[in-house]
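Since the structure comes first, as structure tokens, the remarks are kept for the end.
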Amino acid sequence: MKNMFKTTILLASLTGLLVLIGNYFGGTGGMIIAFLFAVVINFGSYWYSDTIVLKMYKAREVTPAESPNLHRIVSDLAMKGGLPKPKVYIVESGMPNAFATGRNPQHAAVAVTTGILNLLSNEEIEGVLAHELAHVKNRDTLISAVAATIAGVITMLATWARWAAIFGGFGGRDDDNGGIVGFIVMAVLAPLAATLIQLAISRSREFAADYEGARMCKKPWALANALEKLEYGNSHFQPSIRDVQAKETTAHMFIVNPLKGGILQSLFRTHPVTDERVKRLRAMRF
């Protein structure tokens with residue numbers, strides 16, 4: 001409940017930020033246009049986000065005959081979680097990772113990479129898939145799509161504003177100093193704030209999915225072990241030319257961050273620190 005309240009506040013903050021940008025650069029008309037634009041894009045992301053992501057990673061749907069063990073685990077977990085069985089996909093990549101997508105439990109899919117299947121034991125894979133089904137159950141897949149879309153719209157509007165400022169001044173404000181300050185806040189700091197809010201949403205939902213996934217499979221230690229292996233595996237992964245590359249825009253969807261980076265990557269972290277996640281999981285008792 002606490003995480004859901006926090007997520008609601010953060011989503012409201014993103015929406016409010018979008019409305020403020022539209023109002024600053026276009027007055028009431030700009031505010032309405034920005035809001036309607038967001039609604040249209042959100043409608044598209046609601047209906048097609050799963051298809052887009054699966055195609056982006058060249059995910060291939062597998063049948064029970066092709067991957068009986070994977071389907072058995074997913075079926076058992078879906079039954080335990082009171083969920084419809086999602087479609088099962090495999091991504092041909094040595095990167096050890098997994099993600100879930102879909103607008104609701106009735107239209108969900110889980111995807112695992114060949115790398116994760118080669119790295120983890122059956123119990124650890126069960127822990128990972130329980131985590132992903134928890135995202136489906138909590139409707140995080142829809143929340144993350146909405147958050148990413150609104151943040152994307154804010155960034156797009158800010159980019160347009162910067163180009164408009166280059167060719168037409170600072171939004172037509174009478175006071176030059178006020179116009180410059182407003183431009184910096186709206187065109188530079190606003191998209192940064194939107195990104196940080198989006199990442200905060202992602203991090204808060206990961207803790208909730210860890211808890212729900214551990215409760216679903218009754219094996220918190222299995223998920224903890226998997227996270228440790230995946231953190232190490234992704235940080236040392238050297239992609240080949242045949243491997244599908246992770247995209248920054250969808251990094252938050254994976255169970256662990258698939259991207260490497262230094263201090264800047266840590267600042268814009270899409271997931272909670274793995275050590276903290278593992279610590280919480282090892283303290284759980286069911």
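For region 43-73, how many residues meet the condition of being buried (at least 16 other Cβ atoms within 10 Å of the Cβ) and within 21 Å of the chain's Cα centre (by Cα)?
Here is the first cut: in region 43-73, the residues buried (at least 16 other Cβ atoms within 10 Å of the Cβ) are 45, 49-50, 53-54, 57, 59, 62, 67, 70-71, 73.
From what is left, the residues that are within 21 Å of the chain's Cα centre (by Cα) are 45, 49-50, 53-54, 57, 59.
The qualifying residues number 7.
Does any residue in region 209-222 that is hydroxyl-bearing (Ser, Thr, Tyr) and part of a helix (DSSP H, G or I) come within less than 8 Å, Cβ to Cβ, of a residue that is buried (at least 24 other Cβ atoms within 10 Å of the Cβ) and modelled with pLDDT of 95 or more six or more places away or on a different chain, and which pairs are these?
211/134
Being at pLDDT 70 or above, surrounded by 20 or more Cβ atoms within 10 Å (Cβ to Cβ), aliphatic (A, V, I, L, M) and in contact with a Leu (Cβ under 8 Å, 6 or more places away or on another chain) narrows it down to one residue among 214, 193, 222; which is it? Working first, answer last.
Details: 193 fails: surrounded by 20 or more Cβ atoms within 10 Å (Cβ to Cβ); 222 fails: in contact with a Leu (Cβ under 8 Å, 6 or more places away or on another chain).
Step by step, each of 214, 193, 222 is checked, and only 214 is at pLDDT 70 or above, surrounded by 20 or more Cβ atoms within 10 Å (Cβ to Cβ), aliphatic (A, V, I, L, M) and in contact with a Leu (Cβ under 8 Å, 6 or more places away or on another chain).
Yes or no, residue by residue, for (1) out of contact with any Ser or Thr (no Cβ under 8 Å at 6 or more places or on another chain); (2) surrounded by 21 or more Cβ atoms within 10 Å (Cβ to Cβ):
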position	(1), (2)
92	no, no
100	no, yes
109	no, yes
112	yes, yes
116	yes, yes
123	yes, no
135	no, yes
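Would a scan of region 256-269 turn up a residue that is at pLDDT below 90, of a type in the set (D, E, K, R) and more than 30 Å from residue 82 (Cβ to Cβ)? Spell out the reasoning first.
To start, the set of residues in region 256-269 that are at pLDDT below 90 comprises 257-269.
Applying the additional criterion that residues be of a type in the set (D, E, K, R) yields 260, 269.
This time we only want the ones that are more than 30 Å from residue 82 (Cβ to Cβ), so: 260, 269.
Yes - at least one qualifying residue is present in region 256-269.
Does residue 165 satisfy the criteria of being modelled with pLDDT under 70 and assigned to a helix (DSSP H, G or I)?
Details: modelled with pLDDT under 70: yes; assigned to a helix (DSSP H, G or I): yes.
Yes.
Go through (1) more than 14 Å from residue 53 (Cα to Cα); (2) hydrophobic (A, V, I, L, M, F, W, C); (3) not in a helix (DSSP H, G or I) for residue 133 and report which single condition fails.
(3)
Residues in region 57-73: is at least one within 25 Å of residue 252 (Cβ to Cβ) and part of a helix (DSSP H, G or I)? Write out each step before concluding.
Step one: list which residues in region 57-73 are within 25 Å of residue 252 (Cβ to Cβ), which gives 57-62, 70, 73.
Going one step further and asking which of them are part of a helix (DSSP H, G or I), we end up with 70, 73.
Yes.
Please go through region 93-112 and pick out each residue that is part of a loop (DSSP other than H, G, I, E, B) and within 14 Å of residue 250 (Cα to Cα). So that I can check it myself, show each step before the final result.
At the first step, the residues of region 93-112 found to be part of a loop (DSSP other than H, G, I, E, B) are 93-97, 102-104, 108.
Scanning region 93-112 gives 97, 102.
The values are calculated or read from the model by the stated rules, or taken from the named source; none is laboratory data. From a predicted model like this one, the values you see are computed outputs, not experimental measurements. We place every Cβ from the backbone using ideal geometry, glycine too, and count neighbours over all the protein chains shown.
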